[in-house]
1. Springs between alpha-carbon pairs under 10 angstrom, Gaussian network model over the chain: which of 202, 48, 155 fluctuates most?
2. GNM on the chain, C-alpha springs below 10 Å: top fluctuator among 51, 67, 237?
3. To the nearest µm²/s, what D does Stokes-Einstein give for the range 120-245 at 25 °C and 0.890 mPa s, using the Kirkwood radius over alpha carbon pairs as Rh?
4. For the range 8-56, take every pair of Cα atoms, bin their distances at 5 Å starting from 0, and report each bin as a whole percent.
5. Given the Cα-Cα distance of residue 18 and residue 73 and 0.36 nm per residue of separation, how much length would full extension add, in nm?
6. Under the 0.36 nm per residue contour assumption, what length would be gained going from the current alpha-carbon distance of residue 91 and residue 62 to full extension?
7. Hey, any idea what the orientation-averaged projected area of the convex hull of the range 1-149's Cα atoms comes to, in nm²?
8. Could you give the spread of the C-alpha atoms of the range 232-304 along their three principal axes, from largest to smallest, in whole angstroms?
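What follows draws every value from the coordinates through simple rules; no lab data is involved. Since we're looking at a predicted model, the values are computed, not measured. In this analysis, Cβ positions are derived from the backbone assuming ideal geometry, glycine residues included, and neighbour counts consider all displayed protein chains.
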């Protein structure tokens, strides 16, 4: 049994009020896979890079149980690159550069042993690429989760709706939920989005936590208050990786178990933002995760 992760594997240059880094490791699939690896030992990665991608990063993934046989390496080409600068509030940012490079004509090809994965996490990519992955699955996965963004709502509306109709869990932020549904109230937005096909909806609210919707049920996971936030890049993908990694580990797609997965996802995201790139995410000790989950429990526990 495995967890299939799809998305970008990229270089980032990032500037925040607390520092600046150039050409560090990033990408949605990178963050998803690393976060999930703390819960589940069989991760299958689908993405594309150029021959400028460091071989030691691939080796590091493999050592974490991340299978990279689905990672295309294009000779003579460059990996996807993104540069951004965060504002003082750390919730808004400006994109300074986007170089698609190998991603410009990426056509994912799933190795044969990937095609029966029971759990799939579709990171933010074009809806066409996400649909291509779904179509290559030999059997219907037990759970397909999908992340997307407002950009695809602006430029690929029809194909986005077709892809959303094929997934079980949709993860988006509150602004995107409002745009997708046309509703300001997130409760009303969730009902409209359920009409598009998903059974579960996760609405991410950044430093204000995340909401999980299923039918008429709602669950809220707070974000852990931190003394120091260095870089929020990849936090949403890290959240998704923790969420899906825990579900794959427990092999339980009930709403009750997804509540726990939401907290684990929030815990992983709290580690991610404490350092630039993968600096923290690659070095989390088991006891640190336990301690952080205890912090979350204290944060939300009360008696009536």
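1. 155
2. It is 51.
3. Working: Rh = 15.0 Å.
D = 164 µm²/s.
4. P(r) over the range 8-56, rounded to whole percents: 5, 17, 23, 22, 17, 11, 5, 0.
5. Values: separation 55, 0.36 × 55 = 19.80 nm, distance 3.35 nm.
Value of the extension gain: 16.4 nm.
6. Working: separation 29, 0.36 × 29 = 10.44 nm, distance 3.26 nm.
Answer, rounded to one decimal: 7.2 nm.
7. The number I arrive at for the range 1-149 is 9.2 nm².
8. That works out to 39, 27, 21 Å along the principal axes.
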